[in-house]
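Have a look at the structure below, then the notes.
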Amino acid sequence: MRDFAAIALNSAKINGATYADIRIIIKDTEDIEVRNGEIATLDESESIGFGVRVIVNGCWGFAASSRIEKEEIEKITKKACSEAAASSMLKKEDIRLSQEEIHQTAWHTPFIIDPFSVPVTEKLDLLFKIDKILRADPRIAVAESSMNFMREKQILATSEGSLIEQTLLRSGGGYSATAVKDGDVQKRSFPMSFGGQYLGMGYEIIRSLDLLENAEKTREEAVALLSARPCAPGKKDIIIDGTQLALQIHESVGHPSELDRVMGLEENYAGRSFLTTEKYRKFRYGSEIVNLVADSTMPTGLSTFGFDDDGIRAQRWHIVKDGIFTGYHTNREFAHVIGDERSKGANRADGWSSLPMIRITNLSLMPGDWRLEDLIKDTEDGLFFCTNKSWSIDQLRYNFQFAAEIGWEIKKGKLGNMVKNCTYQGITPEFWSSCDAICNIDYWRPWGVVNCGKGQPGQTAEMSHGAAPARFRNITVGIAK
Amino acid sequence: MLDESGFKEVSKRIFDIAKSNETEVMLVSKDDSLARFSNNSISQHISSMETDIIIRVLIGQRQGKAGTTQYDQESLVKAVKKAEMAASAQKEDPSILPLAPPHVYGPIDNYVEKTATISPDEKVSAIKEVIRKAEDKGLKSAGIFSNEDNIVGIANSNGLYAYNRSTSATFSITAMTDDSSGWAEDTNKDVYQIDHLRLGQIAAEKADLSRGPKDIDPGEYTVILEHAAVSDLLLFMAYEGFGALNYTEGRSFLSGKLGKKVFGETITIIDDPFHPMTIGMSFDFEGMPKRPIPLIVNGMAKNVAHDRKTACKAGTLSTGHALPQPNPYGPMPLNIVLKGGDSSIEEMIRSTNRGILVTRFHYTNIIDPVKLTITGMTRDGTFLVVDGKIAHPVKNMRFTDSVVRIFNKAEALSKDQVFAKAFFGGGFVVPAMKIRGFNFSSTTRF
């Protein structure tokens with residue numbers, strides 16, 4: 001593979017590139033899903049290919065192919081160079097890359113059990129057992145349980161001399177039960193929605209999730225939601241659990257702090273950000289107890305790696321410190337925009353065929369000092385929302401509306417009736433400023449997001465968001481008419 | 001790319017490797033390129049050639065699947081073995097159907113060579129023309145100019161063979177001032193049918209007209225939804241409402257309502273892969289032939305989309321809407337056409353005393369799959385209409401409403417239809433719509 005990398009770098013130089021890199025990737029995936037007693041997915045796939053990125057005349061070009069052969073690498077590299085040259089007809093200024101260390105090293109995700117070595121029969125056996133429990137009530141119309149595993153071996157070689165080999169591993173799974181009655185559809189998921197919990201681990205994650213033990217409760221909650229009261233519109237103090245808060249962090253802190261979005265690169269599709277550069281290190285994002293830390297060194301994170309796709313070592317830094325906005329997600333191309341000499345190492349692509357771009361890393365809300373029981377006792381009239389169901393946010397990341405699978409009323413410090421069709425809505429900085437309590441480290445977990453979309457053509461990235469339940473005061477809930 | 005002769009040759013090799021088992025080979029091969037611009041210059045210019053071969057093997061009533069991007073003999077042997085091992089690991093499942101027999105498909109031609117071969121220089125030149133005009137008006141521009149060459153092939157050991165090659169190009173542009181934006185987009189199989197200068201002009205005019213947006217209270221308004229906004233609403237109806245799996249499980253707005261009136265007389269929705277404005281295929285991902293299927297006719301629910309499995313359970317025939325098998329989603333219509341009416345956007349504005357004109361939506365997402373309650377934001381040109389005229393731009397608003405309710409409050413549909421992509425994928429042939437009593441639930445700061 002190193003020989004192939006050398007072919008691309010030499011070819012790029014011959015074709016006028018002042019910078020070039022090549023990523024050669026072998027990606028293995030295993031997807032298993034059981035749905036209503038039948039196997040809905042059982043698929044093991046291998047994707048092999050390479051992508052060459054060049055700077056010619058001060059502009060980027062990128063081309064990729066699934067055929068790893070000398071002639072193809074030369075052809076594709078030449079193509080990337082001609083795209084860059086064409087782009088330079090319409091450039092304002094040359095691409096400026098930050099000066100960074102050269103690395104010749106290797107890194108891999110730590111794991112205990114290789115998920116690809118675990119027999120399919122064992123995986124199916126667990127999923128069918130879960131499926132049986134979920135479907136034990138006839139009001140459950142759909143039971144879905146799944147596991148997914150991904151191993152990505154990559155080589156990154158740059159014209160500056162970096163040569164980095166990494167093997168990234170991701171494992172996870174989960175399930176949901178959907179109850180249906182007279183046009184009402186209610187779903188409960190475990191451990192979280194949209195496929196379950198994923199982390200940078202081996203098969204040990206599956207054995208640690210207590211999947212079987214929670215199936216009955218999940219089924220019963222889905223059925224109970226059919227007769228629960230809908231969430232009434234109004235203003236409430238709300239406590240949000242970690243699985244719901246993970247997506248809140250993702251959408252209302254993660255994406256706004258991507259510097260390429262701030263600079264307008266996503267304007268035509270996913271939008272820009274209200275976090276314009278004059279707010280850097282000045283803007284009050286939330287209350288003083290709000291600390292949000294980006295960390296691509298975090299153990300078990302989905303965005304935990306040795307080096308990003310620019311070849312920059314993984315780092316940890318504050319995005320929000322004591323409520324003040326203090327950091328962006330950056331890469332080599334944009335670090336200089338905010339006066340940084342070095343990139344934060346947040347440039348990632350979703351495979352060999354995609355151009356790396358700034359992505360949210362593992363981004364977590366730091367724990368506070370409350371016990372959940374005490375937080376509920378301290379809440380006079382509120383709602384407790386769990387497990388994300390839906391999300392939407394405007395293109396500057398101000399106005400958001402999220403839905404949760406399940407809620408409970410809190411009356412005079414006690415959890416009360418179950419509530420369905422839970423939604424809450426707000427404006428990002430106002431919302432984070434209303435945060436007055438965060439639960440302690442005992443309640444804090446990293447939660448995986450595996451479906452983060454960005455870019456044109458679209459790419460899907462993965463990251464984790466650590467969170468413990470937190471309280472937000474006087475929030476708009478329900479749908480106003 | 002793996003062309004047709006290559007696909008035939010690779011399929012034959014796979015059938016030889018798999019020997020006595022029933023075997024299906026699916027090819028997805030693409031050569032695409034995209035130039036992306038922002039701040040009036042090119043920010044990314046990328047291209048990718050990828051070939052995926054997906055092998056499904058049936059061993060009795062068990063099936064396994066494996067995919068690879070490589071088609072040398074060693075890789076194909078490895079993939080077939082993986083699929084066979086996956087099948088062998090299962091218990092027998094009586095619901096698994098044998099592979100489909102051979103079929104004859106209707107003629108469809110969505111391949112335009114000029115789209116596949118347009119050069120990077122040509123695309124950048126077109127973008128440059130548009131940006132220069134925007135710059136002359138003091139606007140910033142962002143967008144894409146993409147072209148794709150796509151191949152899908154299905155072959156199986158029963159002799160079924162289906163192959164489709166198509167092209168697609170998209171020019172999309174957002175023009176911006178300090179406090180406003182405007183947007184326009186077009187997709188066509190023939191890149192030279194896209195009028196990039198006209199799109200640039202529409203986006204620029206919208207951005208200019210949107211300057212200085214005023215605050216407005218949320219609440220119920222008459223709305224005029226331009227085509228892209230209508231496409232976003234239809235996306236959720238297509239994905240959540242028209243598939244037979246959702247229907248039979250009680251999770252569709254149509255569940256129990258086939259043969260009944262669900263919308264007003266003006267609403268007719270057909271899935272039609274042969275419509276000249278869509279870029280469809282004549283077969284589905286099981287190799288079953290597609291044909292136009294009326295889903296809603298003059299407000300009456302007529303059909304839902306079936307694959308072979310849902311059809312077998314329902315005692316009917318596949319309508320040619322299978323996704324790759326097996327999957328947890330069931331069948332889905334991908335080429336929805338909403339029939340136009342006799343109005344126009346101009347006439348809708350003229351006939352509105354007080355309402356909101358919406359260019360497009362942002363980040364729409366579903367809250368309730370049966371009521372089809374969705375939420376999303378307006379963007380890139382939202383205007384208050386008063387006494388039959390655009391009065392002024394307004395700040396963007398969030399809507400939260402039921403698509404079923406919205407379609408039942410349709411007052412007018414435009415005669416013209418366009419192919420418009422939805423925010424979360426897919427694209428549909430739609431008219432503009434005028435809706436009475438559309439619910440905006442909150443506002444934002446811009």
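What number in nm² do you get for segment B:4-203 if you take the convex hull of its Cα atoms and divide its surface by four? Don't skip to the answer; put the middle values down first.
Values: hull surface 58.6 nm².
So the Cα hull casts an average projection of 14.6 nm².
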inquiry  = Give the residue list of trypsin sites (Lys or Arg not before Pro) in segment A:69-130 that are DSSP loop and have at most 11 other beta-carbon atoms within 10 angstrom.
reply    = A:Lys92
request  = For the protein assembly as shown, report the accessible area per residue in Å² (1.4 Å probe, heavy atoms, rounded to an integer).
outcome  = 35
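Shielding of A:32-41 by partners, i.e. mean partner chain Cβ atoms within 10 Å per residue?
On the way: counts 2, 3, 1, 6, 4, 2, 7, 14, 6, 6.
Mean number of neighbouring Cβ atoms from other chains: 5.
If you take the C-alpha gyration tensor of chain B, multiply each eigenvalue by 5 and take the square root, what semi-axes do you get, largest first, in whole Å?
Details: eigenvalues 343, 159, 58 Å².
Computed over chain B, the values are 41, 28, 17 Å.
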ask   = Given a 1.4 Å probe and every protein chain left where it sits, what share in percent of the accessible area of the protein assembly as shown is carbon and sulfur?
value = 51
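List the accessible area buried at the contact between A and B, summed over both sides and calculated with a 1.4 Å probe, in Å² to the nearest 100.
On the way: alone 20220 and 19460 Å², together 32740 Å².
For A against B, buried area totals roughly 6900 Å².
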note = Along segment B:169-183, Karplus-curve 3J(HN,Hα) (6.51, -1.76, 1.60; θ = phi - 60°) to the nearest Hz, with x for Gly and Pro, reads 9, 9, 10, 9, 9, 10, 9, 9, 10, 5, 10, 7, 8, x, 9
remark   = Mean-square fluctuation maximum in Gaussian network of chain B, Cα pairs under 10 Å, restricted to B:Lys189, B:Lys140, B:Lys12, hits B:Lys12
request  = Would you be so kind as to list the residues of segment B:139-186 that have their accessible area lowered by at least 20 Å² in the full protein complex compared with their chain by itself (1.4 Å probe)?
outcome  = B:Ala142, B:Ile144, B:Thr174, B:Met176
task = Taking H placed 1.01 Å from N in the peptide plane, check which residues at least 5 places from A:Thr326 or on another chain put their amide H under 5 Å from its amide H.
result = A:Arg281, A:Val320, A:Lys321
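Using only atoms on other chains, find how many Cβ atoms lie within 10 Å of each Cβ of peptide A:386-398 and report the average.
6
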query = If you find the alpha carbon centre of segment B:1-54 and of segment A:226-240, how far apart are they in angstrom?
reply = 48
message = With every protein chain left in place and a probe of 1.4 Å, what is the accessible surface of A:Ile441, to the nearest 10 Å²?
response = 100
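Sort the following peptides by mean Cβ neighbour count (other Cβ atoms within 10 Å, averaged over residues), highest first: B:27-40, B:93-106. Before the final figure, lay out each step's value.
Details: B:27-40: 21.4, B:93-106: 13.9.
Per-residue Cβ counts within 10 Å, averaged per peptide and sorted highest first, yield B:27-40, B:93-106.
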query = Karplus couplings for segment A:467-475 from phi (6.51 cos²θ - 1.76 cosθ + 1.60, θ = phi - 60°), rounded to Hz, Gly and Pro as x?
reply = 7, 10, x, 9, 10, 10, 8, 6, 9
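When the chain is fully extended, how far beyond the present Cα-Cα distance does A:Glu69 get from A:Lys282, taking 0.36 nm per residue of separation?
On the way: separation 213, 0.36 × 213 = 76.68 nm, distance 5.16 nm.
71.5 nm is the gain from fully extending A:Glu69 to A:Lys282.
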inquiry  = A drop of at least 30 square angstrom in accessible area, chain alone versus all protein chains together, probe 1.4 Å. Which residues of segment A:74-104 meet that?
reply    = A:Lys79, A:Glu83, A:Ala86, A:Ser87, A:Met89, A:Leu90, A:Lys92
request  = Counting only C-alpha contacts under 8 Å and six or more residues apart, can you give the relative contact order of segment B:213-446 as a whole percent?
outcome  = 29
query = Once the protein assembly as shown is represented by equal point scatterers at the alpha-carbon sites, with solvent omitted, what log10 I(q)/I(0) does the Debye formula produce at q = 0.04, 0.05, 0.11 Å⁻¹?
reply = -0.17, -0.27, -1.66
inquiry  = Could you sort B:Glu4, A:Glu213, A:Glu101 by their accessible area in this structure, using a 1.4 Å probe and putting the largest first?
reply    = A:Glu213, A:Glu101, B:Glu4
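Kindly point out which whole DSSP H helices in chain A project their C-alpha atoms 15 angstrom or further along the helix axis while averaging a Kyte-Doolittle hydropathy of -0.5 or above. Let's see the in-between values first.
Details: long enough: A:2-14 (18 Å, 0.51); A:70-87 (26 Å, -0.73); A:120-134 (21 Å, 0.55); A:211-226 (23 Å, -0.11).
Helices passing the filter in chain A: A:2-14, A:120-134, A:211-226.
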request  = Using amide H atoms built 1.01 Å from N in the peptide plane, name the residues 5+ places from A:His108, or on other chains, whose amide H lies under 5 Å from its own.
outcome  = A:Thr167
note = FRET efficiency for A:Asp182 and B:Arg354 from the Cβ-Cβ distance with R0 = 25 Å, rounded to 0.05, comes out at 0.10
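What percent does the relative contact order of chain A come to when contacts are Cα pairs within less than 8 Å and at least six residues apart?
Value for chain A: 15 percent.
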query = Given H placed on each backbone N at 1.01 Å, which residues far from A:Ile406 in sequence or on other chains put an amide H within less than 5 Å of it?
reply = A:Cys386
ask   = For chain B, what is the relative contact order in percent, using Cα pairs closer than 8 Å and at least 6 residues apart in sequence?
value = 15
task = Starting at the first residue of segment A:235-241, write each ³J(HN,Hα) from the Karplus equation 6.51 cos²θ - 1.76 cosθ + 1.60 with θ = phi - 60°, in whole Hz, x for Gly and Pro.
result = 10, 9, 7, 10, 10, 10, 6
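If you average 1/r across every pair of different Cα atoms in segment B:213-446 and take the reciprocal, what Kirkwood value do you get, in Å? Spell out each step's value before the answer.
Numbers: mean 1/r = 0.0556 Å⁻¹.
Taking the inverse mean of 1/r over all distinct Cα pairs, segment B:213-446 comes out at 18.0 Å.
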key: Shielding by partners - mean other protein chain Cβ count within 10 Å, residues of B:363-370   = 6
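The values are calculated or read from the model by the stated rules, or taken from the named source; none is laboratory data. Bear in mind the structure is a predicted one, so any value in this text is a computation, not a measurement. In this analysis, Cβ positions are derived from the backbone assuming ideal geometry, glycine residues included, and neighbour counts consider all displayed protein chains. Just the protein is used for accessible areas: all its heavy atoms, side chains included, with ligands, DNA and RNA removed. Shrake-Rupley method; radii C 1.70, N 1.55, O 1.52, S 1.80 Å.
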